[in-house]
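Worksheet: one structure, shown below.
The values are calculated or read from the model by the stated rules, or taken from the named source; none is laboratory data. In this text the structure is predicted, and so the values were computed from the model without any measurement. With ideal geometry, Cβ positions are generated from the backbone for all residues, glycine too; neighbour counts draw on all protein chains shown. We work out accessible area using only protein heavy atoms, side chains counted, and drop any ligands, DNA or RNA first. Shrake-Rupley method; radii C 1.70, N 1.55, O 1.52, S 1.80 Å.
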Amino acid sequence: MTAPAIEHSMRRQTEAAKALLVDLRNQGADDDAELVADTIEGETNLMEAIDEAIAELDECDVLVTGLKAKEADFEARRKAIENRAERIRALIEQAMLATDQMSMKLPTATLSLSKRAPGLIVTDEADIPAKYWVEQPRPAPKLDKKALTADLREKNAAPIPGATLDNGSFSLTVRRK
């Protein structure tokens, strides 16, 4: 049975059971819980509708479990494809650097390399001075990497214990027509 059919059946049988309960109350027979249950079971299809709803719940649980497994498979596949794309970009970047080509025009794309600013490398957080730490609610302060990088990039800046800059890298830009 489909979900809308189950919903319709549940509502219809619930209404029938409620009407039956009102009749039993009017007759003064609603004190006997067993009589009420037996009457609802015998005069309506509420129990069958509930059984069908429970079967639909079980099917939903199976579908959710299967979809979660598929989501995990798709996530793993997506990550593998992202890694492959990153490796291909690195190969293009290496080929362009090896041939001193900072830009290339191809029929399908224009490629260009741009020099990135040196990035921060934290060698030992424990050695970094307190002024580069941002106060945060407990448990611990957070390293202010932006301020630390800015101070390391200054000309004639004194070395800061626990941090240094890398040599910078190149960034590949691919523009498609």
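Screening segment 65-83 for residues that are hydrophobic (A, V, I, L, M, F, W, C) and within 16 Å of the chain's Cα centre (by Cα) and picking the one that is farthest from ILE6 (Cα to Cα) gives ALA76. Among residues of segment 78-120 being of a type in the set (Gly, Ala, Ser) and in a helix (DSSP H, G or I), the one that is surrounded by the fewest Cβ atoms within 10 Å (Cβ to Cβ) is ALA98. If you go through segment 1-25 and pick out every residue that is in a helix (DSSP H, G or I) and either open to solvent by less than 70 Å² (accessible area, probe 1.4 Å) or among the aliphatic types (A, V, I, L, M) (or both), you end up with 14. Look at (1) open to solvent by less than 100 Å² (accessible area, probe 1.4 Å); (2) out of contact with any strand residue (DSSP E or B) (no Cβ under 7 Å at 6 or more places or on another chain); (3) in contact (Cβ under 8 Å) with a residue 12 or more places away in the chain and you find that GLU43 fails only one, number (1). Scanning segment 46-59 for residues that are open to solvent by less than 80 Å² (accessible area, probe 1.4 Å) and farther than 19 Å from ARG12 by Cβ yields a count of 0.
A quick yes/no check of all residues on (1) at pLDDT 90 or above; (2) more than 30 Å from MET96 (Cα to Cα):
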| site | (1), (2) |
| --- | --- |
| SER114 | yes, no |
| PRO118 | no, no |
| ASP127 | no, yes |
| ARG138 | no, yes |
| PRO141 | no, yes |
| LYS145 | yes, yes |
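Take the conditions (1) assigned to a helix (DSSP H, G or I); (2) open to solvent by less than 70 Å² (accessible area, probe 1.4 Å); (3) not polar (S, T, N, Q); GLY28 misses just one of them, which is (1). Of the residues making up segment 124-177, those that are of a type in the set (Phe, Trp, Tyr) and over 32 Å from the mean Cα position of the chain (by Cα) number 0.
Might you check whether a residue that is surrounded by 10 or more Cβ atoms within 10 Å (Cβ to Cβ), at pLDDT 85 or above and on the phi > 0 side of the Ramachandran plot occurs anywhere in segment 148-158? Looking through segment 148-158, none of the residues is surrounded by 10 or more Cβ atoms within 10 Å (Cβ to Cβ), at pLDDT 85 or above and on the phi > 0 side of the Ramachandran plot. Residues that are open to solvent by less than 80 Å² (accessible area, probe 1.4 Å), closer than 24 Å to ASN167 by Cα and of a type in the set (A, V, I, L, M) are absent from segment 129-141. Taking the criterion of being without any contact (Cβ under 8 Å) to a residue 24 or more places away in the chain and of a type in the set (S, T, N, Q), the only residue of segment 129-149 that qualifies is GLN136.
So, ASP73, is that one of a type in the set (Asp, Glu), over 30 Å from VAL174 (Cα atoms), without any contact (Cβ under 8 Å) to a residue 12 or more places away in the chain and not in a loop (DSSP other than H, G, I, E, B) or not? Criteria not met by ASP73.
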